[in-house]
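In what follows, a single structure is set out as structure tokens and then discussed.
The values are calculated or read from the model by the stated rules, or taken from the named source; none is laboratory data. Given the structure is predicted, the values throughout are model-derived calculations rather than measurements. Here the Cβ is made from the backbone with ideal geometry for all residues, glycine too, and neighbour counts use every protein chain on show. For the accessible areas, the whole protein counts, side chains as well, though only heavy atoms, and no ligand, DNA or RNA atoms are used. Shrake-Rupley method; radii C 1.70, N 1.55, O 1.52, S 1.80 Å.
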Amino acid sequence: MTRRALVILTFTLAAGLGTSSVFSQTPPNTTQLQPAPDIPGVIKGGTMPEVVIKGLTSADDAFWLPNVGVIFSEPRANRIVRLDENDQPVTFVGNLHGPLGMAFDAKNGLLISLQTEPGFTGPRVVWPAGKEAIVADNYQGKPFGRPNDIVADRNGGVYFTDIPPDRTVIPAAVYYVPPNGAPIRVAEGITTPNGLQLSHDEKTLYVNDTAGINIYAFDVQPDGRLANRRVFATYVGRDQTLPPGAPPRSNADGLVTDDDGRFYALTESGIEVLSPTGQQLGVIPLWCITRRCQNLGFGGPDKRTLYVAGGGTLLRIPMLTRGFQGRAK
């Protein structure tokens with residue numbers, strides 16, 4: 001079978017690291033995986049991703065739930081899946097409404113899942129059984145559009161992104177729901193806000209723009225509101241399917257941090273690794289069999305395995321680093 005030519009992207013690393021090749025993404029509808037480059041302290045050169053599961057209806061937001069293990073969303077099946085001891089998918093929470101991103105409220109021991117089905121949109125407590133509750137389902141009387149990614153702070157509040165299909169009704173935005181409070185719209189003006197993450201000290205919130213090429217940083221205020229928006233870094237991944245002259249897109253999606261404060265973002269080039277100050281450290285090439293990968297999270301008892309989900313596929317990659325110990329994700 002003839003394979004479509006791989007797209008080779010190049011970029012200049014920040015801080016005078018010189019020019020290097022970014023590993024190309026694997027074409028859709030193949031199972032070809034590529035070895036990782038050596039990124040000191042992050043991943044050993046030659047490390048290969050492992051396919052754990054493929055062929056599900058969908059897969060998103062791989063997540064390590066304390067005392068449970070690896071879970072991930074299967075939006076089209078309206079469920080959250082758990083890997084059993086034999087790496088087989090079993091339903092962990094069913095009867096949901098297009099679940100996407102998840103967060104664990106460690107203060108109260110609650111798993112919060114974003115629902116995307118019209119009539120049910122917004123964050124909901126879905127586990128443990130008997131604790132189910134709506135966290136928020138509207139902003140000033142208008143329902144959310146399509147909530148995407150979410151992170152919980154140590155106080156029990158949550159930040160989440162919303163990408164409405166019809167932005168003439170409500171804008172794409174970032175929201176904060178304080179503990180036992182009403183949602184606050186804390187950021188607008190990002191074309192397609194998607195993956196987001198808090199810094200370890202929770203003084204900074206980072207937000208990916210899928211339709212652009214930047215990751216933005218905001219200062220977190222005492223009441224959870226955001227201030228001082230700025231570009232934290234510019235991604236190197238580029239959507240090569242756009243027509244000539246179209247604004248560049250990185251298609252940046254999920255975002256996670258490790259115990260040393262580095263950031264890992266899924267873009268068109270794979271997993272882009274950023275330093276705590278936003279410098280490019282390298283790219284781990286990755287493709288989720290049928291489409292670009294969507295979300296990722298560190299897991300395993302020592303959080304030294306990176307799980308990546310997208311397109312009905314779950315991958316895992318052994319890492320040298322480990323995920324941030326201060327939050328589930």
Query raised in the report: Can you give the extra length, in nm with one decimal, that the chain gains between residue 291 and residue 108 once fully stretched, where that is 0.36 nm per residue apart less the Cα-Cα distance?
Result: 62.3 nm
Query raised in the report: Is segment 160-233 rounded, prolate or oblate when judged by the Cα gyration tensor, a ≥ b ≥ c being the square roots of its eigenvalues, rounded requiring a/c under 1.5 and prolate requiring a/b larger than b/c?
Result: oblate
Report summary line: Across 303, 203, 131, the residue with the highest GNM fluctuation in the chain (Cα network, 10 Å cutoff) is 131
Query - Where Rh is the Kirkwood radius over Cα pairs, Rg/Rh for the chain - result: 0.94
Report summary line: In nm, the gap between the two label points placed 7 Å beyond Cα toward Cβ at residue 246 and residue 259 is 4.2 nm
Requested in this report: Considering Cα pairs under 8 angstrom that are at least six residues apart, work out the relative contact order of the chain and quote it in whole percent.
Outcome: 18 percent
Requested in this report: Indicate the gyration tensor shape class of segment 127-173 (rounded, prolate or oblate), computed on the Cα atoms with a ≥ b ≥ c the square roots of the eigenvalues: a/c under 1.5 is rounded; otherwise a/b larger than b/c is prolate and the rest oblate.
Outcome: prolate
Query raised in the report: Taking +1 at the Cβ of each Lys and Arg and -1 at the Cβ of each Asp and Glu, which of 58, 123, 47 sits farthest along the dipole of segment 40-135 towards its positive end, judged by Cα position relative to the Cα centre?
Result: 123
Query raised in the report: If each of residue 203 and residue 277 carries a label point 7 Å out from its Cα toward its Cβ, how far apart are those two points in nm?
Result: 1.6 nm
Report task. Could you provide, to the nearest whole Å², the per residue accessible area of segment 174-329 with probe 1.4 Å? Result -> 34 Å²
Query raised in the report: Regarding segment 118-260, what whole-number volume in Å³ per residue does the convex hull of its Cα atoms give?
Result: 144 Å³
Query - Relative contact order (%) - segment 122-170, alpha-carbon pairs under 8 angstrom, separation at least six - result: 27 percent
Query raised in the report: In whole angstrom, how long is each semi-axis of the equivalent ellipsoid of segment 20-168, when you take the square root of 5 times every eigenvalue of its Cα gyration tensor and sort them from largest down?
Result: 30, 19, 17
Report summary line: Per segment 186-329, sqrt(5λ) over the Cα gyration tensor eigenvalues, sorted largest first, in Å, gives 22, 22, 12
Query raised in the report: Roughly how many nanometres apart are two label points built 7 Å out from the Cα toward the Cβ at residue 229 and residue 38?
Result: 4.2 nm
Report task. Summarise the accessible area of the chain (1.4 Å probe, protein heavy atoms) by the percent that is carbon and sulfur. Result -> 50 percent
Report summary line: Computed for the chain: size of charge dipole around the Cα centre, +1 on C-beta of each Lys and Arg, -1 on C-beta of each Asp and Glu, debye to nearest 20, value 320 debye
Requested in this report: Would you mind checking 54/107; 54/329; 142/303 for any pair whose Cα atoms are more than 30 angstrom apart?
Outcome: 54/107; 142/303
Requested in this report: Quick one: among 51, 283, 90, which has the greatest mean-square fluctuation in a GNM of the chain with alpha-carbon springs under 10 angstrom?
Outcome: 90
